[in-house]
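The values are calculated or read from the model by the stated rules, or taken from the named source; none is laboratory data. Every value quoted in this text rests on a predicted model; they were computed, and no experiment measured them. No Cβ is skipped: glycine too gets one built from the backbone with ideal geometry, and neighbour counts run over all protein chains shown. All accessible areas refer to the heavy atoms of the entire protein, side chains included, with ligands and DNA or RNA removed. Shrake-Rupley method; radii C 1.70, N 1.55, O 1.52, S 1.80 Å.
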Amino acid sequence: MTGKTYAILGAGGSFGIHAAFYLLDHANPKRVIGIGRNPLRPEPFSLGIEKRDGYVYHAWHVTHELDLLLELLDREKPQVIINFAAQGEGAVSWKHSWRFFETNSMALARLSEELMQRPWLERFIQIGTSEMYGSVDHASTEDDPIKPTSPYAASKVAFDMYLESVHRFQKFPMNIIRPSNAYCPAQLLHRVIPKTIWCGLTGNKLPLHGGGRAEKSYIHARDLGRAIHLVAEKAPLGVVYNAGPAEPTSIREVVERTARALDIPFEDLCEVTDDRLGQDSRYWLDSSRIRRDVGWEPRIGWDEGLAEMVEWGRRYRREISDWPTNYVLRA
């Protein structure tokens, strides 16, 4: 029996791509529709997702082409919409911070208000961020105080709170997943793990901000895809879920583990630099609610995940060697 139609917003990014692969492999979908602001990137950053049966990709901009996006959704009538679309990267959000609210708050509120009028929608899943809890000394639960420490995180908080209000008072069928930092093959090179691999393969030095003391929690994007599928199938509507590992890992340890996966001495791979503005010291999530409600917990450990990343880097070494390694802010 053919399943549901899924639409993924922000589907040109690596996490959206891995979510699409997971749904195609495990959800028996009628169709998975990817929607991003740009055409898909070359194969190192798209993994050939457009070749998969049951998948189609469209380039529409959620902020500036909402009318065209809604025309597409009205034609396809996806029962489940998963939203990754966002201006990302908290570290750069101190400049032109209004851009982050333009997309992460305003555009998504406009979209949601339109979707409230669509009877075909069964569930809207927003992919939030663990950064909205700020730096913590314990594993944050979904009910902990919200303490964003960047304009990016504040813009994500605003839409989460909007969704909670429209679910409570207008029955908008939503869930929010707040994942820890995800990583995966095809991730852009400004993120620490692919950038470390790029440095190791090209002979560059990784700038290790603050010596890598900051601790973050990491999951493979395939584990995030499984969380999305389980929430879409089993979760009660209106519930917010954290999704992360039991313990955080320091950035230094992440780089050390990546160096071992590359078989390169840690000292040859990086150089210590100053901390970034607003750098939180620890992101850490309590994921007991999603484990209790839908049976999710991460399955992919560091060894398996980093081996995949190194294999990806070596396979596409020539193509990624000249690819930009800095985040570029765009509308």
If you roll a 1.4 angstrom probe over the protein chains with everything in place, what fraction of the accessible area of the chain belongs to carbon and sulfur, to the nearest %? 48
Amide proton proximity set for TYR183, modelled H, under 5 Å, gap of 5+: ILE219, HIS220, ALA221
Just from its helices, what would the mean residue ellipticity at 222 nm be for the chain, if runs of 4 or more DSSP H residues each count -39500 (n - 2.57) and the sum is divided by every residue, rounded to the nearest 500 deg cm²/dmol? -11000 deg cm²/dmol
Can you run phi through the Karplus equation (6.51, -1.76, 1.60; θ = phi - 60°) for region 242-257 and list ³J(HN,Hα) in whole Hz, with x for Gly and Pro? 7, 9, x, x, 5, 10, x, 9, 5, 4, 4, 5, 4, 5, 4, 5
How much accessible area per residue does the chain have, in Å², with a 1.4 Å probe? 44
Projected onto the charge dipole of region 95-199 (+1 at Lys/Arg Cβ, -1 at Asp/Glu Cβ, origin at the Cα centre), which of GLN187, SER105, LEU121 gives the Cα projection farthest towards the positive end? GLN187
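Using only the alpha carbons of region 183-250, what is the convex hull's orientation-averaged projected area in square nanometres?
Details: hull surface 24.2 nm².
Result: 6.1 nm².
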Counting only C-alpha contacts under 8 Å and six or more residues apart, can you give the relative contact order of the chain as a whole percent? 19
Short version: ³J(HN,Hα) in whole Hz for each residue of region 26-42, in order, from phi by Karplus 6.51 cos²θ - 1.76 cosθ + 1.60 (θ = phi - 60°), x for Gly and Pro, what are they? 10, 9, 6, x, 5, 6, 10, 9, x, 9, x, 6, 10, x, 4, 6, x
Would you please give the residues with an amide H less than 5 Å from that of SER93, counting only those at least 5 places away or on a separate chain, with H modeled from the backbone geometry? TYR152
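Convert 20 °C to kelvin, take the viscosity as 1.002 mPa s, use the Kirkwood radius over C-alpha pairs of region 137-203 as Rh, and evaluate the Stokes-Einstein diffusion coefficient in µm²/s, rounded to a whole number.
Working: Rh = 15.1 Å.
Rounded to a whole number, D works out at 142 µm²/s.
Starting from the eigenvalues of the Cα gyration tensor, five times each then square-rooted, give me the equivalent ellipsoid semi-axes of region 154-276, largest first, whole Å. The partial results should precede the final answer.
Working: eigenvalues 255, 48, 26 Å².
For region 154-276, the semi-axes come out at 36, 16, 12 Å.
Rounded if a/c is under 1.5, else prolate if a/b is larger than b/c, else oblate: which is region 104-222, with a ≥ b ≥ c the root eigenvalues of its Cα gyration tensor? Mind showing how you got there, number by number?
Working: a/c = 2.73, a/b = 1.84, b/c = 1.48.
In terms of gyration-tensor shape, prolate.
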Given (i) 65, 40, 32; (ii) 57, 44, 39; (iii) 74, 42, 37, which label gives Cα extents along the principal axes in Å as computed from the coordinates? (ii)
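Mind checking the dipole of region 65-175: about its Cα centre, +1 per Lys or Arg Cβ, -1 per Asp or Glu Cβ, Debye to the nearest 20?
Value, rounded to 20: 100 debye.
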Expressed in angstrom and ordered largest first, the alpha-carbon extents of region 1-131 along the principal axes are 48, 38, 27
Whose amide H sits under 5 Å from the amide H of LYS4, counting only residues 5 or more places off or on another chain, with H placed in the peptide plane? LYS30
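Can you classify region 89-156 as rounded, prolate or oblate using the Cα gyration tensor, where a ≥ b ≥ c are the square roots of its eigenvalues, rounded means a/c under 1.5, and otherwise it's prolate if a/b beats b/c and oblate if not?
Judged from the Cα gyration tensor, region 89-156 comes out oblate (a/c at least 1.5, b/c at or above a/b).
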